[in-house]
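Data first, discussion second: the structure below is written as structure tokens.
Here, each number is a calculation from the coordinates, and none is a lab measurement. Keep in mind that this is a model prediction, so the values were computed, not measured.
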Amino acid sequence: MKKILYIAILFFAFQAKSQTYNINKSVTVYTVKLKKSKAELDNFISSKATKLIKSEQDESTIKNEFIMPINQLKYLDSLVLSFGYITENNFNTENVQDKINQIESDILDEQKELDDYKQRLDKSKNDNTNTEAFENSIERIEKNIKRLKKNLREMDTKDSSVFVKVKIQDEITYANPSSSVSYVNMPGFEVGYLFVENPKMGLSSNAYQTYSCKYMFTRGKSYFNLGVYKDAYSNNVDSSRIRELFILNFGQDFYPKHFGRGKRKFLNLYTGYQIGGFIANKNNDNSSSLIPNANLTLGLELYKSKYILIDNKASYFLPLNEMNRNLRGIIYNISFNFVF
């Protein structure tokens, strides 16, 4: 009988070893559909979770903590991927084999002690000595064994579930009165070239060197650009063409959903626009009217930290007047900004 019981205990211990980890998962996702994402997550929790532990929400953040079966995790991964851009997706396990080994050892020790007391109880019945004390000890040990086995079962159940923390963050892509904006004070400078697509004698040069001050005021990135485009071929015999363009632009850049959202230190891809105006300066013309322009940009941040930004981009320069055909073209710029 004793051997059978020991074999049963060892078999149970082997089964417990097949799942010996506590499991945790934490997910952070940025979304432009905060209300819709919350509704979908609430539906998921009500249908898949076994226990909701905590739920918090403010204007820009939703936090939920819950327990769910580990075999349902693939559905959670698919759901949060549909919300937006995932910045954190951690899956951690804690090895609890030492705890299981200790419980198994305690069960074996208790079982040995139980067998010993049962033998002594049998002898005491013949001698009529200490029978009640042995019975009380046997009852106590059996309760201990029952408690230890229950602990093992609970650990096995725990290892078939996962503790999940989901954080959904409202993604802010541009400034508006109803959302918080992360303002910065990052002055800098920008240099580059404008390659005119269809230059015209007496109006425009083939290329212009660009020099400007670039002041970035949100991490968005929103910025002002003030500078000058100077004729790259100033010694040309055509003295009637535009020698300088004095530029003032406002611009914003946007990070693509599937290319990191600007979270990396290196090689963050982005698109953007600039709107503003310029004043064209000719040697033979003293007029100084402001001409509107719009630029579309595609850029790549070479390096970005909390304190500096090294950036380069290509833009399509588009005057919005009769100069459009003979002054539009491609601009390449490289810029450096720093926290002041």
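Backbone amide hydrogens, once placed in the peptide plane, bring residue 68 within less than 5 Å of 50, 162, 164, excluding anything fewer than 5 places away on its chain. Amide H contacts of residue 294 (H built 1.01 Å from N, in plane; Pro and chain starts excluded): 318, 320 sit under 5 Å, all sequence-distant by 5 or more or on other chains. Scalar couplings 3J(HN,Hα) for the range 43-55, obtained by applying the Karplus form with A = 6.51, B = -1.76, C = 1.60 to θ = phi - 60°, are 5, 5, 5, 5, 9, 10, 6, 8, 7, 8, 9, 8, 9 Hz; x denotes Gly and Pro.
Proximity of backbone amide H atoms, modeled 1.01 Å from N, is registered between residue 232 and 207, 208, 209 at under 5 Å, excluding neighbours fewer than 5 places apart on the same chain.
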